[in-house]
Amino acid sequence: MSLNETLQEKIEQSFALGADAVGNKEAEAAFQELRAALETGELRSAEPDASVPMGWRVNAWVKRGILLGFRIGQMTEMGCPDGFRFVDKATYPARRFGVADGVRVVPGGSSVRSGAYLAKGVVVMPPAYVNVGAYVDEGTMVDSHALVGSCAQIGRRVHLSAAAQIGGVLEPVNASPVIIEDDALVGGNTGVYEGTIVRRRAVIAAGTVLTRGTPVYDLVKGEVYKATAEAPLVIPEGAVVVPGSRAVTRGKGAEWGLSLAAPVIVKYRDEKTELSLVLEEALR
């Protein structure tokens, strides 16, 4: 039995205890082991898997382990060396980084919760927040006022622009978290929620909101992308998505001339797009 299989068994047994897990030393030890593995990137709540239709496999037992941490954690007052005080579950203190971690957390009010993984070369601009179970890969920038929610998976060289909101999906445990693949750009004041998958090199323009209930209209390919009961909304590789609207054609909506938000794919990345998206490497 592998290390992960052994840990999975411990987590499943501890989670099955329900309220009896509180104060259980074995449950606490299993959770601490899981949290440490999440922070090193050894474990992920979801990971690439070419054998499944979406290309990503959800590790539901890891999510149960994260929930176990909330169940067994007791409220306590915690703080940082600079004197900042807060009250939270003792199982989820704020993470601290050293020079050897290779992560730049620029001063000014950012916080990374324990149980989140940030790879070398990640930059976190203030103020930003990265929640438990999140995975942020190499060379990614989390800009000011950006949120990386619970279990969100962020690829390499992604730019989460100012005020971008990457939603968390911790429950239900089998649900896919929000996934932003390599080399994507998520513009300012965007929202990506409810398990949406943004494929590599896609560009989500400022102000765009993507959810399970919002269809995306592809003007280039003449297709409409929607989430289903079995699959999340998927933005194709290299797509450039901008905010749009569609007219309400029935009832009072039509009478009043209303329209609904409708993200629109206006093009796919080309040389001109690449030039406009060049990031200043010196910032990293």
Rounded to 10°, Cα long-axis angle of helix 3-15 versus longest principal axis of the chain: 80
Residue-by-residue Karplus 3J(HN,Hα) for segment 28-42, coefficients 6.51, -1.76, 1.60, Hz, glycine and proline x: 5, 5, 5, 5, 4, 5, 5, 4, 5, 5, 5, 5, 8, x, 5
17 Å tail of the calculated P(r), segment 3-72, as % of Cα pairs: 40
Helix axis angle, 60-72 relative to the chain longest principal axis, alpha carbon, degrees: 60
P(r) of segment 192-237 over all Cα-Cα pairs, binned every 10 Å from zero, in whole percent: 26, 63, 11
With 5 Å bins from 0: P(r) over the chain, alpha-carbon pairs, percent: 1, 5, 11, 16, 16, 16, 12, 9, 6, 4, 2, 1, 0, 0
Tensor-based shape of segment 66-121 (alpha-carbon gyration tensor, a/c under 1.5 rounded, otherwise prolate or oblate): oblate
Rounded to 5, percent antiparallel among DSSP beta bridges of the chain: 35
D_trans [Stokes-Einstein, Kirkwood Rh over alpha-carbon pairs] for segment 113-236, 10 °C, 1.306 mPa s, µm² s⁻¹: 112
J(HN,Hα) series, segment 167-173, from Karplus relation 6.51 cos²θ - 1.76 cosθ + 1.60, nearest Hz, glycine and proline x: x, x, 10, 9, 10, x, 5
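Read the figures in this text as sums done on the coordinates, not as results from a lab. Everything numeric in this text was worked out from a predicted model, so none of it was measured.
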